[in-house]
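Here the structure comes first, spelled out in structure tokens, and everything after it is commentary.
No value in this document is a laboratory result; all are computed from the given coordinates. Please read these numbers as outputs of a predicted model, since none were measured by experiment.
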Amino acid sequence: MTTMKQLRLETIRQAVNSGEFSRAQFLWKECAAGLTDELINGCLSEGRLSEVRELVEWSRTVVLCERTRLLNKLNHLHVAGEYEVPIATRGPRLVSATL
């Protein structure tokens with residue numbers, strides 16, 4: 001049976017996996033508040049901490065991979081821009097317009 005705590009972690013996983021990082025951040029904040037309540041009430045188990053730790057590590061890996069992918073894309077655009085031939089030096093036009 002799936003508990004509300006497991007659903008919360010799965011929702012975070014889905015948000016991170018789909019690239020909804022703002023939503024994931026919001027969900028992580030809710031999760032942290034829940035963990036705080038569990039700690040205060042003395043019901044924070046080692047198993048729960050283990051589940052959260054694993055999700056934190058997985059989330060970190062996904063976010064770092066996405067960051068690297070976006071940096072590579074940005075670098076590719078920058079390099080492509082460096083080698084683009086400026087419009088003014090592209091040779092003679094075959095058609096010209098006069099007004």
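Tabulated data for the structure shown
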| item | result |
| --- | --- |
| Cα pair distances exceeding 14 angstrom across segment 4-83, given as percent | 69 percent |
| In order through segment 52-69: 3J(HN,Hα) via Karplus (6.51 cos²θ - 1.76 cosθ + 1.60), integer Hz, x for Gly, Pro | 5, 4, 4, 5, 4, 5, 5, 4, 4, 4, 4, 5, 5, 5, 5, 4, 4, 4 |
